Structures are given as structure tokens and as C-alpha cells.
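Reading through the C-alpha cells given below for one structure.
The values are calculated or read from the model by the stated rules, or taken from the named source; none is laboratory data. Note that the structure is a prediction, hence the values are computed from the model and not measured. All Cβ positions, glycine included, derive from the backbone under ideal geometry; neighbour counts span all protein chains shown.
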Amino acid sequence: MTALLRYQTALLLRSQRWLPPVILYAVFLGVGVQSGQPVLDSLGYTAAGLLPVAAWLVRICVTGEPPAARACVVAARGPARAHLAALLTALFAAVVLGTAATLLVTVISQHATNDHRLPVPALRAGAAGLLATLACALLGSAVGALTNRPLLRSPGRAVPAMLLAALLSTVAAGSPAQAAVSGLVTGSESGRIPVSPLPVAAAVLLATAAFAVACALNGRRSP
Amino acid sequence: MHRDLELVRVGRRYGIRGPWVLRGVDLTITPGSLTRVEGANGTGKSTLLRLVAGIDTPTEGRITGRPRTAYVPERFPSALPFTPVGYLTHLGTVHGLSRRTAAARAADWLERFGAGAYAATPMAHLSKGTSQKVAVAQALLADPELLVLDEAWTGLDAEARAELERAVAERTAAGGAVVFVDHDPRRLAGVPDATHQVVDGTLRPRTGQVAAPVGPHTVVIVQGPAGGRLPADATRTAASAEEPAPGTYRLTVPVSHSDVVLRALLTARPPWHVVTVSAPDVPPDEKDRP
């Protein structure tokens, strides 16, 4: 598995297809986050923006390899493991990106509530931000896994489905990502920092299920 | 490969209500065997090979005894962001080699196929033939127990085609199984242990072997210890063996397998003496005629 992950990571980094989502994320943060704004609010924004980026990274990883090269790897390691390596690589890339953004935002923001009255400790805010980021990265990967190859193969269906699902899982009540993000946003009003592991746990379960479905179907559907 | 790869009543269709591409396929691949699959275009040869290689999962039926497998596609993309040696090192580790061994073998196999000069050229700049050499090297570098070749010879130059035939001979001699499809009927002619035909979406052993084409042969004359018997590997591979004088044998061997036979003879205990290696005076298929 280590060899597969290393191969997929090299493919992702060298292909430079990671550039558009990363640049878009940077622009999104540049527009929405400014230094001196309340920290929890900005962290909520940072986490929510990562969800579609994580889904996009999954799309890059599962469609980036030319089919013939993929066939060689699948023959060596089996369809499920080859697909899992691509999904995990994308998830890992999203987590790294989200962590970097969260740390940066935590440092540059004002450590206070929206009305500047109550202080918000940087360490606890950063921890809450990381948990929300993790939940969004996991849920975004789950969305990407279920809306791309092998489930949806034509880009005409996969891309709109992916964008719609990413939007819904960011805003729909009941989604772990929405819970994590709204926890940060309301915390920025009230001064109560949400460090609950529940949204992350739910996102882990959803991502595991989505990855399992995608890996099991790889090799069964047409190439 | 210690046990057989078995396909039992295997069927495959694309899509839930799609037509069956293959159905009711029974096939056993034994270690050390060479299997040829034939069939017209679009009959499902490639689908069968993808099932044998484990790339696709059968829609019905089952496949048991999966060995360490390597696959060579017909057309290999050069749209990979690596150099050949970098790609092969990655694939070697995916096949289970250590990084160091993978890198060393990558260089060796590229050299063997005459692509050593391109080892550090970005793959996007490679010609179609050189890309195909990388695909072949990818499959051979980890000594797979099962090698699946889907028209792997297409696009290779003459030397590389002959080298791939020799590599196939080495693989089967080392106990690995090889399954291949090729449009050239002279490809490894006379060597396969089994030939199957894909007809009407199912697999049949080829019958009516009237005019199996005979490929080029090499004649090897060897002397052994008094009363010695030819090593089993040599007898199995040779097309014919005569004993013109006691202890001296005249072996007719497919050219792709001459190295394998010589290796078997020279590494036998006690070793055999190779007297001559030459092209046959009369093509064996003509000589056999009355």
C-alpha cells in the first residue's frame, strides 16, 4: 500500500492538475478572510471552502491516470486497493492543504468574538478549526468518491453531480460538515468554542462507507 | 505460481442490462504454461485477458488462485509525468520490490529492450514504440507468476519483438504462466501449450490443428555424459530431439527458446557440452513431409 500511495502522490504532484483547485481555494480565502477578523468566523469559512476542493482532488486522483497505466497497476494490486490508494492520496492532500490554511488563518485573525468583547484563546480556536477542517476534508472526499469513476464515468454527469453534492453537504442540516462549520460560526457570536469530535466521527463513518462502495465497484463496472 | 488460476463459468457484461461480452468461460492456467488466445476483432479477447489479469471482476462465475500478476496493454500512454526509469521504479515497488532493486531492474530491462538511452527522457517525449517498451519492462521487472500480454508486440521494433519472445520463454522456463493475444500467427509459433479461440462470446480450445504454422528454429548439437539423459527442461522445450550417435543429441529448438535450452544444458549437473548452435539446413516443416 505504501508503494501505491507513493506512486499516486507522485502522479498527483507531478501532473500539476492540483494547481487549479489549490489556486481557487487560495482566491476563496483571499476574498473571504482578512487579518484582524474574528478567528472562529474565519475558520468556519476556511473549513467550508475545503469541502468542494477535497471532492475535486478526488476527481483528479481517480481520473488522472491514463486507463492503460491504471490497468497495469490494477493487475499488480487488484482493483479495490488501486482505487483506495487514489482516494487516500486525495484525502491526504486535502487534509494537508486544509491544515496549512487553518494554521495560517488562526495566526492572522483576531482572537476575539464578533463583537470584540470576549477573548477566544488561539490554541483552542485552532484545535476547533482543525476538527472542522478534517470533517470537511473527509466529507468532501466521500462526495468525490461517490460522484466520480467508477460510479459516474462521463464528466457531463460526474462534475455537476459532484458540485451539487458538495454544495448540499456544506449547507444541508444534518451533514457533519454543516454541523462543524455552523458550530464555529455560532461560537464566534457567543464565544463558546466548539471542540466536539462528533462531526469528525460522523464524517469518518461516511467517508469509510463511500470509499468502500467506490472500491468495491471498481473493476465491476466498465473501464 | 504454485497453483492453477481457474476461471469457472465466468461471464462478463458491461452495464446492468448490457449484452454479454463473454459467458460460460472455463479456463485453467497452470504454472509454467504458455497460452495463446485467438479470435476475430471485437470478440472479447481483450475482455478475457482483463479478467485473467484481474483488472475486471467477472459479472458471474468465479476466478480462484490469483497469483502475482503483471499485464501489458496493447497501447501504452506516454501521458505520464515521469521518466521511464522513475515510472518503472514506482511500478517495481508496487509489484513488491524494494526501491533499490526496482531501480536496478528498471535500468536492466530498458537496456535489454534497447531503450536504455531514453531512461531519463520525460515519457511525454517518447515515441510510441519506446513507450511500449516501458510497458513491457513494467510487467517483466518483478518476475510475475502470471504475465498477461494483450498484443504487447504491437509497435515494437524487430529486435524488441524477438527479445520479448525470449523473455516469455524465460518466464515460462522459470515456472511462470504466460497468456497472450497476438494477431501475427507466427508469434511464438509451435510453442504454446494451449491455444484457445474466443467464438460467439465463449472460449473453445482450438480444434483441427491442421496447419499450425511452424516458426523459425535453431539446431543445437550437444554431448552429454555417457548414458546421460537430456535435462527435463531441455526436452520439454525442444521441438524434436534425435540421437545420431550415443551421447550426442541433435535438438531442434524454437529460436525464442534457444537461450532457455542452452541454460538448462549448461547448468545441468553434470553440465552438457554444446558442440554447435546453427540454423537448420532444411526447415523442419519441410523435412517432416514425406
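Considering only the range A:46-73, how many residues are away from chain B (no Cβ under 14 Å) and either modelled with pLDDT under 95 or within 13 Å of the chain's Cα centre (by Cα) (or both)? Residues in the range A:46-73 being away from chain B (no Cβ under 14 Å) and either modelled with pLDDT under 95 or within 13 Å of the chain's Cα centre (by Cα) (or both): 14 in total. Within the option set B:Arg17, B:Arg13, being surrounded by fewer than 16 Cβ atoms within 10 Å (Cβ to Cβ) and without any contact (Cβ under 8 Å) to a residue 60 or more places away in the chain holds for one residue only, B:Arg17. Taking helices (runs of 4 or more DSSP H) as the structural unit, those lying wholly within the range B:1-114 and holding at least 1 residues that are among the acidic types (Asp, Glu) correspond to B:99-112. If you take the residues of the range A:74-100 that are without any contact (Cβ under 8 Å) to a residue 60 or more places away in the chain, hydrophobic (A, V, I, L, M, F, W, C) and surrounded by fewer than 24 Cβ atoms within 10 Å (Cβ to Cβ), which of them is nearest to the other protein chains (Cβ to nearest Cβ)? Looking at the filtered set, the residue picked out is A:Val96.
For the condition within 22 Å of B:Thr30 (Cβ to Cβ), of a type in the set (Val, Ile, Thr) and at pLDDT below 85, B:Thr195 does not qualify. Looking across the range B:190-200 at every residue that is surrounded by 17 or more Cβ atoms within 10 Å (Cβ to Cβ) and among the hydrophobic types (A, V, I, L, M, F, W, C), the one that is farthest from B:Arg161 (Cα to Cα) is identified as B:Val198.
State whether one or more residues within the range B:124-131 are of a type outside the set (Lys, Arg) and under 18 Å from the mean Cα position of the chain (by Cα). No - not one qualifying residue is present in the range B:124-131.
So for the range A:30-39 (the condition being assigned to a helix (DSSP H, G or I) and under 16 Å from the mean Cα position of the chain (by Cα)), does at least one residue qualify? No: the range A:30-39 contains no residue that is assigned to a helix (DSSP H, G or I) and under 16 Å from the mean Cα position of the chain (by Cα). Looking across A:Ala201, A:Ala209, A:Ala216, one residue alone is surrounded by fewer than 18 Cβ atoms within 10 Å (Cβ to Cβ), within 14 Å of chain B (Cβ to nearest Cβ) and at pLDDT 90 or above. It is A:Ala216. When A:Leu139 is tested against (1) under 13 Å from A:Val58 (Cβ atoms); (2) out of contact with any Pro (no Cβ under 8 Å at 6 or more places or on another chain), only condition (2) is not met. Of all residues in the range B:216-258, those being assigned to a strand (DSSP E or B), without any contact (Cβ under 8 Å) to a residue 40 or more places away in the chain and buried (at least 20 other Cβ atoms within 10 Å of the Cβ) number 3. From the list A:Ser182, A:Ser190, A:Ser175, the lone residue that is within 25 Å of A:Val213 (Cβ to Cβ) and either in contact (Cβ under 8 Å) with a residue 12 or more places away in the chain or out of contact with any strand residue (DSSP E or B) (no Cβ under 8 Å at 6 or more places or on another chain) (or both) is A:Ser175.
When the range B:39-83 is limited to residues that are hydroxyl-bearing (Ser, Thr, Tyr), under 24 Å from B:Val136 (Cβ atoms) and at the interface with chain A (Cβ under 7 Å from one of its Cβ atoms), the one that is surrounded by the most Cβ atoms within 10 Å (Cβ to Cβ) turns out to be B:Tyr71.
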